[in-house]
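**Q** Here's a structure for you.
The values are calculated or read from the model by the stated rules, or taken from the named source; none is laboratory data. Just so we're clear, the structure is a prediction, and the values are computed from it rather than from any experiment. For neighbour counting, all protein chains shown are included, and Cβ atoms are generated from backbone atoms with ideal geometry for every residue, glycine included. Surface accessibility is based on the protein's heavy atoms, side chains included, excluding ligands, DNA and RNA. Shrake-Rupley method; radii C 1.70, N 1.55, O 1.52, S 1.80 Å.
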Amino acid sequence: MIRSTGSLFCRQTAALAAAAAFATVFASPAFAHISYSGRNFGTITTSGSTITNQTVSSSFGWADATDGDWGDSHRFRAFRFTLTGTQSVAITAQRQNLVTGTAPGQQTGNHDTLLPAFSVFSGLSHTSSPLAHDHSSLSVEWLITTFGTSAGTGLGGSGKEGSLNALGAWSIGNSLTDYPAASSGSDSLRSFSFAGYAADGSSTNFGATPGLVGDGNADGFVTTTLWNLAPGDYSIFVGGANYAAQLTETETFGAEGNRFPTYGLTVTVAPVPEPSAVVLGVIGSAGIYWITRRRLRHVRNQPQARKA
Ligand SMILES: [Ca+2]
Ligand SMILES: [Ca+2]
């Protein structure tokens with residue numbers, strides 16, 4: 001277990017000292033830990049569903065988490081779904097123009113400019129308090145254990161600016177008390193396995209990370225199908241795909257931890273028939289058509305019945 005390692009704890013004492021003050025500032029309940037509240041699609045079976053009126057903080061969160069120093073999960077919105085058997089699913093994210101205002105979650109971001117993107121992972125974060133966040137002791141410990149502290153920057157010197165890796169595996173932990181690490185309670189680390197991604201637009205907006213491919217049309221809408229996902233719980237992390245905006249978008253609005261402009265989101269998850277099932281359906285339809293056509297031809301070729 002990470003937290004029982006004495007030498008690691010000693011290393012952390014120095015490495016986390018500066019972050020402790022930061023964590024104290026962000027220990028408020030207003031701090032948006034990873035939560036699926038109101039964003040659970042449930043078990044995907046024969047029909048899809050849509051969750052509307054969601055928000056995401058900043059227009060750059062997803063793109064920022066595709067680079068080498070990863071990204072902050074607070075710049076995402078988390079959704080979840082469950083599969084009880086092998087299943088293909090279509091996932092769609094699109095911007096939604098919400099009423100603007102001054103309350104947290106209704107800041108005056110330009111809702112018409114969000115370019116959505118999302119990453120899908122096998123795995124589930126915590127579903128009850130204490131919820132996970134990037135700055136919890138467990139989260140930072142995992143980064144230090146995985147990447148060391150030689151980078152000198154990022155969380156605990158790990159070189160990562162956040163816990164979320166939009167293009168691969170990552171882990172995040174919860175904490176009852178943030179700093180110092182909780183000595184009891186239900187603190188635990190949760191891990192995510194990458195299942196796929198989709199991004200609105202192109203490298204013009206989401207940056208030059210090698211291998212990234214967008215849908216080619218930066219119109220606020222993006223969709224993809226993930227084929228043959230194994231049974232289990234899945235998380236969808238949706239964020240903005242405007243990489244350059246992290247240099248220009250400022251923390252001006254709202255409550256702490258949610259100071260970037262907020263953008264409206266709608267997300268849909270729907271089951272997709274397996275290609276084999278579609279092919280069988282086409283073959284079946286063709287067979288019915290052929291039999292019907294054959295019978296009609298047979299009827300036409302019969303001698304006309306004499307009229308009485
Ligand atoms: Ca980054
Ligand atoms: Ca698009």
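**Q** Quick check: pseudo-label points 7 Å beyond the Cα along Cα→Cβ at Glu274 and Thr43, how many nm apart are they?
**A** 1.8
**Q** Let a ≥ b ≥ c be the square roots of the eigenvalues of the Cα gyration tensor of the range 191-274; is it rounded (a/c under 1.5), or, if not, prolate (a/b larger than b/c) or oblate? Please report the intermediate quantities before stating the final value.
**A** On the way: a/c = 2.05, a/b = 1.49, b/c = 1.37.
Judged from the Cα gyration tensor, the range 191-274 comes out prolate (a/c at least 1.5, a/b above b/c).
**Q** For every other residue with a beta carbon closer than 13 angstrom to the beta carbon of Phe221, add +1 if it is Lys or Arg and -1 if Asp or Glu, then tell me the sum. Working shown, then result.
**A** On the way: positive: Arg95; negative: Asp112, Asp200, Asp215, Asp219.
Result for the neighbourhood of Phe221: -3.
**Q** Just the accessible area for Arg190, please: 1.4 Å probe, Å², rounded to the nearest 10?
**A** Arg190 has an accessible surface of roughly 80 Å² with all protein chains in place.
**Q** Give me the accessible area of Glu274, 1.4 Å probe, in Å² rounded to the nearest 10.
**A** Glu274 has an accessible surface of roughly 50 Å² with all protein chains in place.
**Q** Ordering Asp64, Asp112, Asp72, Asp219 from largest to smallest accessible area (1.4 angstrom probe), what's the sequence?
**A** The most accessible residue leads, giving Asp112, Asp219, Asp72, Asp64.
**Q** Probe radius 1.4 Å, ligands and nucleic acids left out: which of Thr55, Thr84 has the largest accessible area, and how do the rest follow?
**A** Numbers: Thr55 25, Thr84 110 Å².
Greatest to least solvent exposure: Thr84, Thr55.
**Q** Take Trp142, Trp70, Trp227 and sort them by solvent-accessible surface of the protein heavy atoms, 1.4 Å probe, largest at the top.
**A** Working: Trp142 45, Trp70 20, Trp227 130 Å².
Accessible-area ranking of Trp142, Trp70, Trp227, largest first: Trp227, Trp142, Trp70.
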